[in-house]
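Working notes, beginning with the structure itself.
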Amino acid sequence: MSTGILEVEDVQVRFGGIVALDGVSFTMPEGKIVGLIGPNGAGKTTLFNCLSRLYIPNDGDIRFKGKTILDSPPHHIADIGIGRTFQNLALFSTMTVLENVMVGGHSATRSDFMSNALRLPWRRREEQALRERSAALIDYLGLGDVAHTTVGGLPFGTQKRVELARALASEPELLLMDEPAGGLNHDELEELGNVIQQIRDERGVTVLLVEHHMGLVMSISDKVVAIDFGKKISEGTPEEVQNDPEVIRAYLGTGG
Amino acid sequence: MTSTQVNGNVPAFLNENPKDRIVVLGVPLPLLERVGLFVLLAAVVVLPMVYDGYDIYEFGKILMYMLAVLGLNLLTGFNGQFSLGHSAFFAVGAYSTAIMMDQLGMPYWTTIIPAAAVCFVAGFLFGLPALRLDGLFLALATFALAIATPQLLKYDGIAHLTGGVQGIVLDTPYPPAWIDSIVMSITGEELSVDRWKYMFTAFVAVIMFAGAWNLVHSRTGRALIAIRDNPLSAKTMGINLAMFKSSAFGVSAMYTGVAGSLFAIMDEYLAPESFTFAEAIKFLVGGVVGGIASLFGAIFGGWFVLEIPNIADLVASSLADYINNPQGLTGLIYGLFLIFTVYVMPMGAAGLVQILVHRISTKR
């Protein structure tokens, strides 16, 4: 049996008496885009935070390339190849676009306090390589014009692309995107869809898309998982999930 | 493969410096910066040729305070951790040097590196429990450290090392014979101890300043700023918060501690009363008036905390014809200076320079 790059197995999260996730299981095939959908409060963000290890599930397991991620501290998640973007922008607001993307490459570089204070030759080479790699990513996402601009003052849509560039700088094999479409206009949305597909096709990155925007999820996902009240209610191709009576019920109510 | 893929070609914007386009009075900004740096370095070298005695001693003190302010700025300005207790690390550095000289008979110049190491370890260890404290609570914990330090230094159990209330009198730091002979052969004069103290301090200060500059403009510096700007996001980028925050505490304590070492060497004497809470506040004031998260601002900060109290004193004395006992007004006048300074330059000296450059510059 071929297992996916990411396996979520029977994950359960409780906050006090509230069960936020109740035994959710699914696998993500490598090199595909998987959409995770569900109404407000379904547990999407909770699951997302488990995947980036900001929460620890009370029960169940999450395996990345066959190995559990639950015994890694949060700052190791980028090291092992999982990158993420945030729903509400979480950029380093006083830094330039280039610097933000370079921080994204933190886990792919090694220089430390001592070598940096002394400006050793190997760390100068590492720094230059990181600069060039970051610049290539900035170029890739069409941010060249603002490369040296402080991110704090950039338009929302641009900042979202900076986040994407920053996440890619860690060279992830799996990219977790938390509501990337939020706050984007129609044109930006279409562009976003293309970029995500490009990231999959050209860079071989597997993408988990947690998204409210049905149009985007259904048009670019290879597979969709729907959850509601902390439980998985449907899983399959976009068409299958779209036509699943359970999903329709969850979104539209039982119909009186 | 699209044309934007990495092909070993570097996109043009990478090597563009946005500052190249800023022209100040006909001079491109990067050139102006380079000239400014050169003038500054030249001043550091030329000062001891011009000044001697108390004047050059004061310049040494400015550089010493600059290091202390720089240390606090690395922690607070760049990493966003507050400290009201840096007088403690200042004391650790000063007493390390003093005890090594006094008890172990080590020459003054050999004590700097071990004292720096002691301060780094002290700062790092203090930084570990500080990880659990944020903002105001960290300020309180460090405040406690500042309050406890003079008391601890007076403690009977360690008085045989620290000299208790009496403090420690140290040997005069004479210049090494070979430096003396070089200076003698060039100038025909003997190198005075005051000039040598300044040269030694400047040597240490310039090296440490360069180290801080490198650190801030590197992966490490970016990680420190990232933690300040957005800790959660920094963690997600793979930054080990605990390691970086406690190391930042260590490095910060090391800078302020080396300033303490230089203080002990320059004054040839130290006592617990030099390491009170007021000293910690001085470093904070220096950091704020110089400019938070600005390295060059620390030079102004060092000058400010050393000289403004003296100037306030002078102003107070000049009022003697009009007021009885005007010395009592020194604190008030210092306060007015401080209020005026933060009013005129709310972003510190570094911020003011930026605003001025912005005002008089034109963009190409």
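Some observations on this one:
- Lone unmet requirement of (1) touching a Phe, Trp or Tyr at 6+ places or on another chain (Cβ under 8 Å); (2) open to solvent by 50 Å² or more (accessible area, probe 1.4 Å) for B:Leu356: (1)
- Taken over segment A:98-123, residues that are at pLDDT below 95, within 19 Å of A:Ser170 (Cα to Cα) and more than 8 Å from chain B (Cβ to nearest Cβ) amount to 2.
- Number of residues in segment A:104-121 that are in a helix (DSSP H, G or I), more than 11 Å from B:Gly211 (Cα to Cα) and free of Cβ contacts under 8 Å to residues at least 60 places away in the same chain: the value is 1.
- Condition check for B:Leu284: surrounded by fewer than 22 Cβ atoms within 10 Å (Cβ to Cβ), away from chain A (no Cβ under 13 Å) and in contact (Cβ under 8 Å) with a residue 12 or more places away in the chain: yes
- Looking across segment A:67-89, just one residue is farther than 22 Å from A:Leu21 by Cβ, open to solvent by less than 50 Å² (accessible area, probe 1.4 Å) and more than 13 Å from the chain's Cα centre (by Cα), and that is A:His75.
- Residue list for segment B:314-345, restricted to those being surrounded by 12 or more Cβ atoms within 10 Å (Cβ to Cβ) and outside any helix (DSSP H, G or I): B:Leu319, B:Met345
Per-residue answers, yes or no, for (1) touching a Ser or Thr at 6+ places or on another chain (Cβ under 8 Å); (2) within 20 Å of A:Val207 (Cβ to Cβ):
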residue: A:Ile69; (1), (2): no, yes
residue: A:Ser72; (1), (2): no, no
residue: A:Ile82; (1), (2): yes, yes
residue: A:Ala90; (1), (2): yes, yes
residue: A:Thr109; (1), (2): no, no
residue: A:Ala135; (1), (2): no, no
residue: A:Val151; (1), (2): yes, no
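- Positions within segment B:162-186 being of a type in the set (A, V, I, L, M) and at pLDDT below 95, in sequence order: B:Val165, B:Ala177, B:Ile179, B:Ile182, B:Val183, B:Met184, B:Ile186
- Selection count, segment A:94-131, where residues are open to solvent by less than 70 Å² (accessible area, probe 1.4 Å) and more than 23 Å from B:Ile292 (Cβ to Cβ): 16
- Among the residues here, B:Met101 does not qualify as open to solvent by 70 Å² or more (accessible area, probe 1.4 Å) and more than 13 Å from every other protein chain (Cβ to nearest Cβ).
- Among residues of segment B:242-272 being within 20 Å of B:Ala115 (Cα to Cα) and among the charged types (D, E, K, R), the one that is nearest to the other protein chains (Cβ to nearest Cβ) is B:Asp267.
- Of the residues making up segment A:137-167, those that are facing chain B (nearest Cβ under 10 Å), of a type in the set (Gly, Ala, Ser) and open to solvent by less than 10 Å² (accessible area, probe 1.4 Å) number 2.
- Neighbours by Cβ (under 7 Å, 6+ apart or cross-chain): first from segment A:185-209, touching a residue at least 60 places away in the same chain (Cβ under 8 Å); second of a type in the set (Gly, Ala, Ser): A:Arg200/A:Gly31; A:Gly204/A:Gly31; A:Thr206/A:Gly31; A:Leu209/A:Gly35; A:Leu209/A:Ser221
- A:Arg131 being farther than 29 Å from A:Glu211 by Cβ, facing chain B (nearest Cβ under 7 Å) and assigned to a helix (DSSP H, G or I): yes
- Residue in segment B:288-299 that is part of a loop (DSSP other than H, G, I, E, B), of a type outside the set (Asp, Glu), without any contact (Cβ under 8 Å) to a residue 40 or more places away in the chain and open to solvent by 40 Å² or more (accessible area, probe 1.4 Å) present: no
Okay, residues lined up against (1) surrounded by 15 or more Cβ atoms within 10 Å (Cβ to Cβ); (2) closer than 15 Å to B:Phe249 by Cβ; (3) more than 15 Å from the chain's Cα centre (by Cα); (4) among the β-branched types (Val, Ile, Thr):
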residue: B:Leu74; (1), (2), (3), (4): yes, yes, no, no
residue: B:Phe78; (1), (2), (3), (4): yes, yes, no, no
residue: B:Ala88; (1), (2), (3), (4): yes, yes, no, no
residue: B:Ala91; (1), (2), (3), (4): yes, no, no, no
residue: B:Ser96; (1), (2), (3), (4): yes, no, yes, no
residue: B:Ala117; (1), (2), (3), (4): no, yes, yes, no
residue: B:Thr149; (1), (2), (3), (4): yes, no, yes, yes
residue: B:Leu153; (1), (2), (3), (4): yes, no, yes, no
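- Any chance B:Val23 is touching a residue at least 24 places away in the same chain (Cβ under 8 Å), hydrophobic (A, V, I, L, M, F, W, C) and outside any helix (DSSP H, G or I): yes
- Segment A:6-55, residues that are over 16 Å from A:Glu235 (Cβ atoms), in contact (Cβ under 8 Å) with a residue 40 or more places away in the chain, more than 14 Å from every other protein chain (Cβ to nearest Cβ) and of a type in the set (A, V, I, L, M): A:Val13, A:Val19, A:Ala20
- Enumeration of residues in segment B:210-236 that are more than 7 Å from chain A (Cβ to nearest Cβ), part of a helix (DSSP H, G or I) and open to solvent by 30 Å² or more (accessible area, probe 1.4 Å): B:Ala210, B:Trp213, B:Arg228, B:Pro231
- A:Arg53 being on the phi > 0 side of the Ramachandran plot, crowded, with 19+ Cβ neighbours inside 10 Å and either not acidic (Asp, Glu) or not in a helix (DSSP H, G or I) (or both): yes
- Within segment A:168-184, considering residues that are under 21 Å from A:Ile37 (Cβ atoms) and in a loop (DSSP other than H, G, I, E, B), the one most open to solvent (accessible area, probe 1.4 Å): A:Gly183
The values are calculated or read from the model by the stated rules, or taken from the named source; none is laboratory data. In this text the structure is predicted, and so the values were computed from the model without any measurement. Every residue, glycine as well, gets a Cβ built from its backbone with ideal geometry; the counts of neighbours run over all protein chains shown. Surface areas here come from the heavy atoms of the whole protein model, side chains and all, with no ligands, DNA or RNA. Shrake-Rupley method; radii C 1.70, N 1.55, O 1.52, S 1.80 Å.
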